[in-house]
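Let me begin by presenting the structure, written as structure tokens, before commenting on it.
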Amino acid sequence: SDVITVAELAKRMGVKGKDLIKELMRQGTMVTINHPLDFETAAILASEFNYEVENVAFDEETLLEHSSVKGAEEASADDLKTRPPVVTIMGHVDHGKTSLLDAIRTANVTAGEAGGITQHIGAYDVELDGKKITFLDTPGHEAFTAMRARGAKVTDIVILVVAADDGVMPQTREAINHAKAAGVPIIVAINKMDKPNATPDKVRQGLTEFGLVSEDWGGDTIFVEVSAKLHTNLDRLLEMILLQAEVMDLKANPTKRVRGIIVEARLDKGRGPVVTVLVQEGTLKIGDPIVAGTHYGRVRSMINDRGERVDAAGPSFPVEVTGLSGVPDAGDMFHAVEDEKTAKDVAQHRAQKLRETELARTSKVSLEQLFARI
Ligand code: GDP
Ligand code: MG
């Protein structure tokens, strides 16, 4: 149950700690100033001093909200800045999702960076005419559904890859359903245009069934014909993403306290828990107290997808972060909070709630097993 130390209770009541200790002694309890009191004891003790103790339930929402409200108070429309779109590539197996992600990334690596090490952190950003686009390269469908199941919206735009020599397949349908359910606009990339048996119009035809009608067929869905293999038309695809993003007018407040999403998480032998965070609001900095799932800590280091150390990451930027106490799940929310104590409180409260749910489930199971035996 909830506890409070003698010192803390005395402070809140505005009395001397030694007076509380004296009163406890009178009641037959010998304690020191840092002794934890349960709610009952604290209530009885306080009533002796004509105080009433209220057991305020732990309210995570308020704690996290309070974190951002502080920024929001000062926020004005001017603080909303255009942010890069976050893009997920989806489509049927073997239609070229991985190839397209690799091709876009390689094509975008400038001469100076060519020798640089690219780091797989689950997301990367590219630049076209000074404008950035963030690509999530976590295994498409699962990550997308897992994150959505947690109520997290990560993606602004879905690139639906359809192989020109294969057409609409079961996972193409699935991808369309996911995108539609999430209310995320779709841009169609007809891939493998280099193949002699490419029939892009068959793809166009197949997609009309789902209301995805290309602009040259009188609809409003953007189609781009590409070849991931030959790197054909990739800039055109990026241009169309930026165009779509402009229409969506994507904005975020970089001055707010940070809210983001865990894109990937793992345990590194040397560095401990390592997570990739996609920042959605605010600007993450070294030293920020953070909480993700049931884990907490402070940002110890940040690196980008090119393996470079960074000391700040704003909206839509993916960074690999160390400093958490444990490994959260992909799709978990990530918050920067007031101080490390708040981070710890939120994380521990979540862990406790999880244990309670776990316990409730196991006791239910054993009860069912018991009945099954009867
Ligand atoms: P994923 O399962 O959707 O990630 O598909 P992959 O990227 O792994 O590609 C599946 C296969 O298609 C691989 O053998 C690729 O080399 C090939 N492939 C991908 N894109 C192209 C393309 O544009 N043209 C051709 N000819 N082959 C491609
Ligand atoms: Mg793949």
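Any read-out appearing in this document is the output of simple, stated calculations on the displayed coordinates, not a laboratory observation. None of the values given here were measured: they were computed from a predicted structure. Backbone-built Cβ (ideal geometry, glycine too); neighbour counts: all protein chains shown.
Could you pull out the GluC sites (Glu not before Pro) across segment 167-235 that fall in loop regions by DSSP (anything but H, G, I, E, B) with no more than 11 other Cβ atoms inside 10 Å? Show your work: numbers first, answer last.
Details: sites: GLU174, GLU209, GLU215, GLU225; in loops: GLU209.
In loop regions of segment 167-235 (DSSP not H, G, I, E or B), the sparsely surrounded GluC sites (Glu not before Pro) are GLU209.
Provide the net charge surrounding ARG204, with neighbours chosen by a C-beta distance below 13 Å and charges set as Lys +1, Arg +1, Asp -1, Glu -1.
Values: positive: LYS202; negative: ASP201, GLU209, GLU215, ASP216, GLU225.
In short, -4.
Summing +1 for each Lys or Arg and -1 for each Asp or Glu, what net charge is found among the other residues whose Cβ lies under 15 Å from the Cβ of LYS22?
On the way: positive: LYS16, LYS18, ARG26; negative: ASP19, GLU23, GLU48.
That works out to 0.
From least to most packed, judged by other beta carbons within 10 angstrom and beginning with the fewest, TYR296, TYR124, TYR51 follow the order TYR51, TYR124, TYR296.
By the Kirkwood approach, averaging reciprocal distances over each pair of separate Cα atoms, segment 271-313 gets a hydrodynamic radius of 11.2 Å. Between the C-alpha center of segment 316-361 and that of segment 246-307 there is a gap of 12 Å.
Here each label is just a point 7 Å from Cα along the line to Cβ, and for ASP235 and ALA43 those points are 7.2 nm apart.
Under a model in which nothing but the beta-carbon of Lys, Arg (+1) and Asp, Glu (-1) is charged, segment 239-338 shows a dipole of about 420 debye around its Cα centre.
What number does segment 161-302 give for Rg over Rh if you use C-alpha atoms and the Kirkwood radius?
Details: Rg = 20.1 Å, Rh = 18.3 Å.
With Rg and the Kirkwood Rh in hand, the quotient comes to 1.10.
In the neighborhood of TRP217, defined by Cβ-to-Cβ distances under 14 Å, what is the net charge if each Lys or Arg adds +1 and each Asp or Glu adds -1? Before the final figure, lay out the partial values.
Values: positive: LYS202, ARG204; negative: ASP201, GLU209, GLU215, ASP216, ASP220, GLU225.
Here the charged neighbours net out to -4.
Want the number for ASN34 to LYS132: 0.36 nm per residue separation, take away the alpha-carbon distance, what's left?
Value of the extension gain: 30.0 nm.
Along its principal axes, segment 1-55 has C-alpha extents of 24, 22, 18 angstrom, given from the largest down. Computed from the Cβ-Cβ distance with R0 of 30 Å, the FRET efficiency linking ASP216 to ASN177 stands at 0.75.
Under a model in which nothing but the beta-carbon of Lys, Arg (+1) and Asp, Glu (-1) is charged, segment 231-291 shows a dipole of about 380 debye around its Cα centre.
Determine, for ASP156, ASP165, the number of other Cβ atoms within 10 Å of each Cβ, and report the residues in order from fewest to most.
Values: ASP156 21, ASP165 17.
Listing ASP156, ASP165 from fewest to most nearby Cβ atoms yields ASP165, ASP156.
In this simple spin-label model, placing a label point 7 Å from the Cα along the Cα-to-Cβ direction at both TYR51 and LYS11 gives a separation of 1.2 nm.
Two-decimal Rg/Rh of segment 172-228 from alpha-carbon positions, Kirkwood Rh?
Checking Rg against Rh, the ratio lands at 0.97.
Distance distribution P(r), segment 291-348, all Cα-Cα pairs, bin width 10 angstrom from 0: 23, 52, 24, 1 percent. Between LEU243 and GLU358, the C-beta separation translates, for a Förster distance of 51 Å, into a calculated FRET efficiency of about 0.60. Taking other C-beta atoms within 10 angstrom as a stand-in for reagent exposure, SER47, SER325 fall in the order SER47, SER325, fewest first.
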